[in-house]
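Working notes for the structure below.
The values are calculated or read from the model by the stated rules, or taken from the named source; none is laboratory data. Because the structure is a prediction, the values reported are computed rather than measured. Cβ: placed from backbone, ideal geometry, glycine included. Neighbour counts: every protein chain shown.
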Amino acid sequence: MVFRPLDESWVLFDPRTRRVHELNLTAATLWALLDGTLKPPELARRLAEVFDEPPPEADLLAQVRDALATFAEHGLLEP
């Protein structure tokens, strides 16, 4: 995967499918945190540390889970 900034967003290029995925800042930050070892609650905690005014913890955890599901749907995550 190639992960690069582009103007005010970030892009993720999947060379296997030749698809480009545009990520907002939150999704890009989440992508940068993915190392295969962190579970969604830890990812949500780390995201909350990055942003000055994070959403309530339960909302942020739901957003993390939704984003991970979207990444998986697009084949961007390894099992």
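The set of residues in the range 36-79 being surrounded by 15 or more Cβ atoms within 10 Å (Cβ to Cβ), in contact with a Ser or Thr (Cβ under 8 Å, 6 or more places away or on another chain) and free of Cβ contacts under 8 Å to residues at least 24 places away in the same chain consists of 47 alone. Taken as a whole, the condition of being of a type outside the set (Val, Ile, Thr) and in contact (Cβ under 8 Å) with a residue 60 or more places away in the chain applies to residue 14.
Residues in the range 1-33 that are assigned to a strand (DSSP E or B), of a type in the set (D, E, K, R) and farther than 18 Å from residue 69 by Cβ: 4 alone. Return the residues of the range 1-35 that are over 20 Å from residue 78 (Cβ atoms) and not charged (D, E, K, R); say none if nothing qualifies. Passing the criteria: 5, 6, 9, 24, 25, 26.
Using the structure shown, decide if residue 41 is at pLDDT below 90 and on the phi < 0 side of the Ramachandran plot. Criteria not met by residue 41. Restricted to the range 25-35, and to residues there that are modelled with pLDDT of 90 or more and not aromatic (Phe, Trp, Tyr), the residue that is surrounded by the fewest Cβ atoms within 10 Å (Cβ to Cβ) is 35.
Name the single residue that is nearest to residue 3 (Cα to Cα) among those in the range 70-79 being more than 10 Å from the chain's Cα centre (by Cα) and outside any loop (DSSP other than H, G, I, E, B). Taking the candidates together, the pick is 72.
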